[in-house]
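The values are calculated or read from the model by the stated rules, or taken from the named source; none is laboratory data. None of the values given here were measured: they were computed from a predicted structure. Note that each Cβ is placed from the backbone with ideal geometry, even for glycine, and that neighbours are counted across all protein chains shown.
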Amino acid sequence: MYNLGTVFNFEFMRTIKKKSFWIMTLAFPIIIGLVFAIIFFSNQTTSNAAENTKNQKFSIEVTDESGLINKELLKQFDAQESVNKQASIDKVKNGKLDAYFYYSKGLDKKGVEIYAKDVGLFDNSRYQGVADALIQTSVIPTVNGETGAILRNTVKFNSTTYRDGKKFDGIKELIAPGIFLVLFYILIAMFGNQMLTSTTEEKENRVTEMLLTTIEARTLIVGKILSLIALAFVQITSIIVPVVIAYVFFRTQLALPNLDLSNIPINPLRIGIGASIFTFSFLLFTGLLVAIGAVAPTAKEAGGFFGVIMIFIFGPLYAASLFISAPNSPLVGFLSFFPLTAPIPLMLRNAVGNLGVADSLVGILILAISSVIALTIAVRLFRYGVLEYSNRLSLGVLFKKQLKK
Amino acid sequence: MSIKPTKRKTAVSISHFRMDFGKKTVVKDLSFEIYKGEVFGFLGSNGCGKTTTIRALLGLYQPTGGELLIGGEPFSVSSKIKLGYLPEERGLYKKELVIDVMVYFGQLKGMSKLDARKQAEIFLERVNLTDKAKTRVDKLSGGQQQKVQLGITIMNDPELLILDEPTKGFDPVNRRLLMDIVEEHQKKGATIIFVTHQMEEVERLCDRIILLKDGVSCAYGSVAEVKQKYGNASLDDIFIKIYGDENESNEEIS
């Protein structure tokens, strides 16, 4: 692996110095930031508007045939009692009254009638808010505490689930091994195309012959892969840092949930399995991309093959619910152990905890063997394919003649 | 013409080389030797197998048969020999800066970053491209890019310099510059394989030559010996005599 460091430095530095890399890198957190900012300002505006609306005084008349409304409360709201429904409605029509609420007898069936002056699509909701507040505040205090809590929807639920006699929280258990699935998705989604371009670049630029007389194809490819991993680390850090900052400093404003990361279960076996599946999946995918880059004459043509690989890799995501609900079905078995489709099912099943140790070992073994084969063939294809500058490599000739070596 | 080496040590040895691509045989049975310190002209019409032979010599192709040795062993990137290779297919990393590309290749050839930068700057100054050092390669003209590639080829002061049609696309001024550079390297003791169709370049630079036709050697020896074999005709006439019928038949086909 002589010159590996040189290749790594060159590939890493030339990419990190490009504006397009930083545009791509920063675009994601910026877009996320913008979305959060929009949500924040929208919430803030809505909250302010609601506060303004709440504080606005408007004239109300109320007819209570249900007998549920607290008369004292009507005074607090400056609401007048009306005995003539039609007269109150006429006042609203003539603009002499802002709102009239009619609480009929048998509210459960007839409901509350609201007649009010139009104040705009969003502000019109204030009338229903006041009508609802009047009845809720009148009725709920009259029932006992527990029923009141149920009515207010403030009852807390504490669940404890067990698996094999031990506490098992499916959602929390999913987090640590699930990270590998997320990482795999991000890496492939962000770097798949870059990897492909990277391997076709030498060919398109006609620089291969000079390279391959100074460096081993394997070293070149390993250097490229390592630089892409390092670049992925830079990108992921660039994404995570603003998210962490937003979470730490603006959690309340953004209405983010309070995550207690201290009690996330750490299962070393499942994390080890997840890491192994992730590593071999990434190597398999890399090998396939390098092979495509070596076979296709241009990045454009390689893109067609890339699409097919992406369908194989990410297609199983559409059957995600099946992997969770029916892990023993033949289809899940096939998708879990067919090398091209295996990464997502194996990582997902490991994350949700329905991938047994035996299945894990079989899956890892299949991925390991496939990735070694893919990378070996990829290096050979690169070695010979890159000299077929404008032609697609003839696999027949390659396998008959060159791979005999 | 340079001085012939007194001690004829073999730098490159090709023995019964055969190369098939599928059912097509590009080189049939080729054997020759290149001596240390000489400029060796590798001549022939387009498609006669020159580039294929060089690629096989450098391990880029796996030969169908025969043996191709540099310094007595098959070439690999881990060979200790200092190689400078300017391939027929020209190209560089187009979106990178000239100096970065030159330093990168210098490092790949075993130079330190500092040395590579120094050598790159010296070469760029010599070919009047100092002001282009921090220009992207794709912003250079075709001729300027070729000069940069030539600089990369020679920056490690190679013992074996292989130039596959190096003057293709060069104007007369740059052609002369290139030939001066070749002569300088020969004086330093480098062995040079020179692939060209320009017979005046052969006359000026080459000690010995080989002419390939249809994948076999049809003339091999010193320039004088080859000329003598063809009745002391000029190299141009010899070339036309050997390949003229081929071109005619090509024209008929076209």
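Please go through the range A:189-224 and pick out each residue that is surrounded by fewer than 22 Cβ atoms within 10 Å (Cβ to Cβ), of a type in the set (A, V, I, L, M) and within 31 Å of the chain's Cα centre (by Cα). If the condition is that a residue be surrounded by fewer than 22 Cβ atoms within 10 Å (Cβ to Cβ), of a type in the set (A, V, I, L, M) and within 31 Å of the chain's Cα centre (by Cα), then A:ALA189, A:MET190, A:VAL222 are the ones that fit. When we screen A:SER82, A:SER88, A:SER104, A:SER138 for residues that are out of contact with any Pro (no Cβ under 6 Å at 6 or more places or on another chain), polar (S, T, N, Q), touching a residue at least 40 places away in the same chain (Cβ under 8 Å) and surrounded by 15 or more Cβ atoms within 10 Å (Cβ to Cβ), the only hit is A:SER138. Would it be correct to say that A:VAL290 is β-branched (Val, Ile, Thr), closer than 28 Å to A:LEU220 by Cα, touching a Ser or Thr at 6+ places or on another chain (Cβ under 9 Å) and touching a residue at least 24 places away in the same chain (Cβ under 8 Å)? It is true that A:VAL290 is β-branched (Val, Ile, Thr), closer than 28 Å to A:LEU220 by Cα, touching a Ser or Thr at 6+ places or on another chain (Cβ under 9 Å) and touching a residue at least 24 places away in the same chain (Cβ under 8 Å).
Screening B:ASP157 on (1) in a loop (DSSP other than H, G, I, E, B); (2) within 14 Å of chain A (Cβ to nearest Cβ); (3) closer than 21 Å to A:LEU211 by Cα shows it passes everything except condition (2).
Only one of the numbered conditions (1) at pLDDT below 90; (2) under 14 Å from the mean Cα position of the chain (by Cα); (3) in a helix (DSSP H, G or I) is not met by B:HIS185, and that is (1).
Do we find that A:LYS156 is within 21 Å of A:VAL352 (Cα to Cα) and surrounded by fewer than 19 Cβ atoms within 10 Å (Cβ to Cβ) in this structure? Against the criterion (within 21 Å of A:VAL352 (Cα to Cα) and surrounded by fewer than 19 Cβ atoms within 10 Å (Cβ to Cβ)), A:LYS156 does not qualify.
Of the helices (runs of 4 or more DSSP H) lying entirely inside the range A:170-255, those carrying at least 2 residues that are modelled with pLDDT under 80 and under 30 Å from B:LEU83 (Cβ atoms) are A:170-204. Give me the residue from the range A:92-109 that is in a loop (DSSP other than H, G, I, E, B) and touching a helix residue (DSSP H, G or I) at 6+ places or on another chain (Cβ under 8 Å) and, out of that set, nearest to A:THR137 (Cα to Cα). Only one residue fits best here, namely A:SER104.
Residues of the range A:326-361 that are within 22 Å of A:PRO265 (Cα to Cα) and either in contact with a strand residue (DSSP E or B) (Cβ under 8 Å, 6 or more places away or on another chain) or among the polar types (S, T, N, Q) (or both): A:ASN350, A:GLY353, A:ASN354, A:SER360. Quick check: anything in the range A:356-378 at pLDDT 85 or above, farther than 30 Å from B:LYS23 by Cα, within 33 Å of the chain's Cα centre (by Cα) and not in a helix (DSSP H, G or I)? For the range A:356-378, residues at pLDDT 85 or above, farther than 30 Å from B:LYS23 by Cα, within 33 Å of the chain's Cα centre (by Cα) and not in a helix (DSSP H, G or I): present. Considering the range A:1-41, the residues that are among the β-branched types (Val, Ile, Thr) and more than 30 Å from B:SER112 (Cβ to Cβ) include one that is nearest to the other protein chains (Cβ to nearest Cβ), namely A:ILE23. Only one of the numbered conditions (1) farther than 26 Å from A:LEU151 by Cβ; (2) surrounded by 17 or more Cβ atoms within 10 Å (Cβ to Cβ) is not met by A:LEU74, and that is (1). Just one of the listed residues (A:LYS75, A:LYS57) is farther than 30 Å from B:ALA116 by Cα, part of a helix (DSSP H, G or I) and over 26 Å from the mean Cα position of the chain (by Cα), and it is A:LYS75.
Rundown of residues vs (1) more than 14 Å from every other protein chain (Cβ to nearest Cβ); (2) β-branched (Val, Ile, Thr), yes/no style:
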| residue | (1), (2) |
| --- | --- |
| A:SER227 | no, no |
| A:ILE236 | yes, yes |
| A:PHE249 | yes, no |
| A:GLN253 | yes, no |
| A:PRO268 | yes, no |
| A:GLY274 | yes, no |
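The set of residues in the range A:338-355 that are part of a helix (DSSP H, G or I) and either of a type in the set (D, E, K, R) or closer than 18 Å to A:PHE168 by Cβ (or both) comprises A:LEU348, A:ARG349, A:ASN350, A:ALA351, A:VAL352. Counting just the residues of the range A:186-226 that are among the hydroxyl-bearing types (Ser, Thr, Tyr) and in contact (Cβ under 8 Å) with a residue 40 or more places away in the chain, which one comes out farthest from A:GLY353 (Cα to Cα)? Among them, the one singled out is A:THR214.
Here A:ILE89, A:ILE30, A:ILE38 are screened, and the one residue that is part of a helix (DSSP H, G or I), more than 49 Å from the chain's Cα centre (by Cα) and among the hydrophobic types (A, V, I, L, M, F, W, C) is A:ILE89. Counting only helices (runs of 4 or more DSSP H) wholly contained in the range A:271-337, the ones carrying 1 or more residues that are surrounded by 15 or more Cβ atoms within 10 Å (Cβ to Cβ) and among the hydroxyl-bearing types (Ser, Thr, Tyr) occupy A:330-337.
Evaluate the range A:230-240: report whether one residue or more is in contact (Cβ under 8 Å) with a residue 40 or more places away in the chain, under 20 Å from A:ASN3 (Cα atoms) and under 26 Å from the mean Cα position of the chain (by Cα). Looking through the range A:230-240, at least one residue is in contact (Cβ under 8 Å) with a residue 40 or more places away in the chain, under 20 Å from A:ASN3 (Cα atoms) and under 26 Å from the mean Cα position of the chain (by Cα).
Yes/no per residue for (1) under 20 Å from A:LEU381 (Cα atoms); (2) crowded, with 22+ Cβ neighbours inside 10 Å:
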{"residue": "B:PHE32", "(1), (2)": "no, no"}
{"residue": "B:TYR35", "(1), (2)": "no, no"}
{"residue": "B:GLU38", "(1), (2)": "no, yes"}
{"residue": "B:GLY47", "(1), (2)": "no, no"}
{"residue": "B:ALA56", "(1), (2)": "yes, yes"}
{"residue": "B:GLY66", "(1), (2)": "no, no"}
{"residue": "B:GLU73", "(1), (2)": "no, no"}
{"residue": "B:SER78", "(1), (2)": "no, no"}
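Of the numbered criteria (1) at positive phi; (2) at pLDDT 95 or above, the one B:LYS118 fails is (1).
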